[in-house]
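Notes follow the structure.
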Amino acid sequence: MNAPANPLPPSIHSTGALPKVAWAKGAYLYDIDGKQYIDGSGGPAVYCIGHSNTEVNDAIKQQLDRIAHGYRYNFTTDALEQLTEIIANRCGGTLKHMVFVTGGSEAVESCLKLALQYQTAIGRKSRRRFIARERSWHGNTLGALGVSGFLERRTPFEGGFIDAIRISPANSYRPVAGATAETAGEACAKELEETILRHGADTIAAFIFEPVVGAAGGCAPAPHGYAKRVREICDRHGVLLIADEVMCGVGRCGTWRALEHDGVEPDIMSVAKGLAAGYLPLGAAIFSSKVNEAIMPVHGAPMTGGTFTGHTACCAAGVAVQTIITRENLLARVGANEARIKSMFSEALSEVAAIGDIRGRGHFIAAELVADKEKKTPFPAERKLFMKIRQRALENGLICYPVGGNVDGVNGDIVILAPPYNCTDAELTEIVDKAAKSIRQVLAAENLG
Ligand SMILES: Cc1ncc(COP(=O)(O)O)c(C=O)c1O
């Protein structure tokens, strides 16, 4: 049988043939024809210190010249120990324990397993189920996909997932029925508690959520007070709190942990993307002393990870990236840029009636497109506006991250900007201008703006 004409998933292949990248430096990439692209989203919110950083490349090369991989059951390594210390310091509090993996899905998978392992260790083996939220993305492995609320990506695998109960996303722009932007957090926290009680607290291992929802919600931060209430509710019912910070964490929102902003420490947390900034594959499942103290006496170790856990060259990349972020005080810059990016984006789109909301934190800002601003009605999914914007942006020499389905799993058009933490003011302006131009051009071509 012939291979399909285009093997890419539908949300990508309709953008047309992909250019072939040749090289990159800083915020710019070049394809094999010499066309330049500014990286307005660090790919999928990954390349947080730009491309081809000499210091990171040298650190990786030096590590490779010493040893590529010191297998975790035979050796510890400088890179592993240094990165563990850096992350523990950056997390603060009791989040000092971690297992390194090779990406976000694996990090989430390990978080889910740690929650189950904890409940077993403290003698609550009946707690096997997870509560998660609609409009969430936790990754593509079976467990991570099982807790995700991303319709298009789940459909082919329905029936084969772990036991997860999904509740409403907490979103100030689209509050749940009967709530306002101000009461959305409380209403959703209440739903969590009712769900725990309805299913029986003694069946629930953990609640997992993205503190600032990424691809599935479009940079939607938790409404004010939500994270604190969720923390209280989980504690009251013996349910662990897992923060999936794969996309919003590691400084993307202006604090190293996204939940720092809400004054909340989760029991378990996933990070990946920005940890080694795309130089090598790296993620981590980080856990609190409470979890560690429960599992260590019973099982002796977190029972997760694999051959490449703590891969030495990947950890060396992580150390170099995190050293640069700290030395150059990039988190302060990311935090300070939030208002600027939002106001530039709003101004550049001020004439566009279809912009319903501009939101997000730090260098993680999205514009949501709506057909009716008053009613917040999305454009019909068949228009594929977000895909057309992705394609137009590429033609305009911009990489941004448009996604769809944020409203109900099918409809909704979002354009995410996630610029490198260290891009210049001029580069930020270019990113925002090109994104606004691409949105305007697509709406005009569709007779919508
Ligand atoms: C919040 C969140 N969790 C998990 C993942 C999965 O990460 P990865 O694609 O590295 O497996 C992603 C990826 O986009 C994500 O945004």
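The values are calculated or read from the model by the stated rules, or taken from the named source; none is laboratory data. These numbers come from a predicted model, not from an experiment. Quick reminder, even Gly has a Cβ in these numbers, built from the backbone with ideal geometry, and neighbours come from all protein chains shown. All accessible areas refer to the heavy atoms of the entire protein, side chains included, with ligands and DNA or RNA removed. Shrake-Rupley method; radii C 1.70, N 1.55, O 1.52, S 1.80 Å.
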For region 414-437, list residues with backbone N below 17 Å from a point placed 7 Å from the Cα of Q36 toward its Cβ?
420, 423-435
Run the quick spin-label model on K290 and K437: label points 7 Å from Cα toward the beta carbon, then report their separation in nm to one decimal.
5.1
Restricting things to alpha carbons, tell me how big region 119-241 is in terms of Rg and Dmax, in Å.
14.2, 41
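Given the rule -39500 (n - 2.57) for each run of at least 4 DSSP H residues, summed and divided by the residues of the chain, what is its mean residue ellipticity at 222 nm, to the nearest 500 deg cm²/dmol? Don't skip to the end; give the middle numbers.
Values: 14 runs with 168 residues, N = 449.
When only DSSP H runs of four or more count, the value is -11500 deg cm²/dmol.
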The long-range amide H neighbours of V101, using H built 1.01 Å from N in the peptide plane and a cut-off of under 5 Å, are G283, A284, A285, G310
Quick check: residue separation of E186 and L142 times 0.36 nm, minus the Cα distance between them. What number comes out in nm?
12.7 nm
3J(HN,Hα) from dihedral phi, region 326-339, Karplus parametrisation 6.51/-1.76/1.60, rounded to Hz, x for glycine, proline
6, 4, 8, 6, 6, 5, 5, 5, 4, x, 5, 6, 3, 4
Whats the longest run of the chain with zero GluC sites (Glu not before Pro) that are DSSP loop and have at most 15 other Cβ atoms within 10 Å?
1-157
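Roughly speaking, what % of Cα-Cα pairs in region 392-449 are separated by over 16 Å, rounded to a whole number? Provide the component values of the computation, followed by the final result.
On the way: 838 of 1653 pairs.
Every Cα pair in region 392-449 considered, those over 16 Å come to 51 percent.
Given a 1.4 angstrom probe, what's the average accessible area per residue across the chain, in square angstrom?
Each residue of the chain exposes 40 Å² on average to a 1.4 Å probe.
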List the residues whose amide H sits under 5 Å from the amide H of F150, counting only those 5 or more places along or on another chain, with H placed 1.01 Å from N in the peptide plane.
S136
In nm, spacing of pseudo-spin labels at E351 and E81 (7 Å Cα→C-beta vector):
6.2
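Could you give the Stokes-Einstein D for region 353-449 in µm² per second, using the C-alpha Kirkwood radius, 4 °C, 1.567 mPa s?
Working: Rh = 13.5 Å.
Estimated via Stokes-Einstein, D reaches 96 µm²/s.
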Please work out the Cα center distance from region 358-416 to region 299-342, rounded to the nearest Å.
28
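Work the Kirkwood hydrodynamic radius out for region 250-314: mean of 1/r over every pair of different alpha-carbon atoms, inverted, in Å. All intermediate terms of the calculation are to be shown ahead of the outcome.
Numbers: mean 1/r = 0.0735 Å⁻¹.
For region 250-314, inverting the mean 1/r across all distinct Cα pairs yields 13.6 Å.
Using a 1.4 angstrom probe on heavy atoms only, work out the carbon and sulfur share of the accessible area of the chain in %. Walk me through the intermediate numbers first.
Details: 9760 of 18090 Å².
Of the solvent-accessible surface of the chain, carbon and sulfur hold 54 percent.
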Return the sequence-ordered ³J(HN,Hα) values of region 180-191 in whole Hz as given by the Karplus equation 6.51 cos²θ - 1.76 cosθ + 1.60 applied to θ = phi - 60°, using x for Gly and Pro.
10, 4, 6, 9, 4, x, 5, 4, 6, 5, 4, 4
Of A59, I341, A201, farthest towards positive along the dipole that unit charges on Lys, Arg, Asp, Glu beta carbons give the chain:
A201
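Can you tell me the length gained on complete extension of the stretch A444 to A88, counting 0.36 nm per residue apart and subtracting the Cα distance?
Numbers: separation 356, 0.36 × 356 = 128.16 nm, distance 4.92 nm.
Computed gain between A444 and A88 is 123.2 nm.
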Which of the listed residues, T141, A88, I131, is farthest toward the dipole's positive end in region 85-154, when Lys, Arg count +1 and Asp, Glu count -1 at the beta-carbon?
I131
Whole number please: convex hull volume per residue of the Cα set in region 191-319, in Å³?
133
Take every Cα-Cα distance within the chain, group them into 10 Å bins from 0 onward, and report for each bin the whole-number percent of pairs it holds.
4, 21, 32, 27, 13, 3, 0
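Could you calculate the FRET efficiency of E328 with Q62 from 1/(1 + (r/R0)^6), where r is the beta carbon distance between them and R0 is 25 Å, rounded to 0.05? Walk me through the intermediate numbers first.
Values: r = 21 Å, r/R0 = 0.82.
Here the calculated transfer efficiency is 0.75.
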Cα centroid separation - region 110-152 against region 47-104, whole Å
26
Neighbours of M344 by Cβ distance under 15 Å: Lys/Arg at +1, Asp/Glu at -1, summed charge -1
Debye, to nearest 20: dipole size of the chain, +1 on Lys, Arg Cβ, -1 on Asp, Glu Cβ
500
Taking θ as phi - 60°, what are the ³J(HN,Hα) couplings along region 444-449 by the Karplus curve (6.51, -1.76, 1.60), each to the nearest whole Hz, with x for Gly and Pro?
5, 4, 9, 6, 10, x
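How big is the antiparallel share of DSSP beta bridges in the chain, given as a percent to the nearest 5?
Details: 35 of 51 bridges.
The antiparallel fraction comes to roughly 70 percent.
Do any chymotrypsin sites (Phe, Trp or Tyr not before Pro) in region 155-221 lie in a DSSP loop with no more than 16 other beta carbon atoms within 10 Å, and if so, which? Intermediate results must be reported in sequence, preceding the final value.
Details: sites: F157, F161, Y173, F207, F209; in loops: F161, Y173.
Passing both the DSSP loop test and the Cβ count: F161.
Of the peptides 38-46, 234-242, how do they stack up when ordered by the mean number of other Cβ atoms within 10 Å, highest first? Write down the numbers at each step before the final one.
Values: 38-46: 22.8, 234-242: 20.3.
Ranking the peptides 38-46, 234-242 by packing returns 38-46, 234-242.
What net charge do the residues around T323 carry, taking every other residue with its C-beta under 15 Å from that of T323, with Lys and Arg at +1 and Asp and Glu at -1?
Combined, the nearby Lys, Arg, Asp and Glu give -4.
Taking N as the number of residues in region 303-382, what is its alpha-carbon radius of gyration divided by 2.2 N^0.38 Å? It would help to have the intermediate numbers written out before the result.
On the way: Rg = 19.8 Å, N = 80, 2.2 N^0.38 = 11.6 Å.
The value comes to 1.70.
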If you place +1 on the Cβ of every Lys and Arg, -1 on the Cβ of every Asp and Glu, and leave all else neutral, what size is the dipole of region 168-305 about its Cα centre, to the nearest 20 Debye?
240
Dipole-positive endmost among L331, V250, G405 within the chain (Cβ charges, Cα centre):
G405
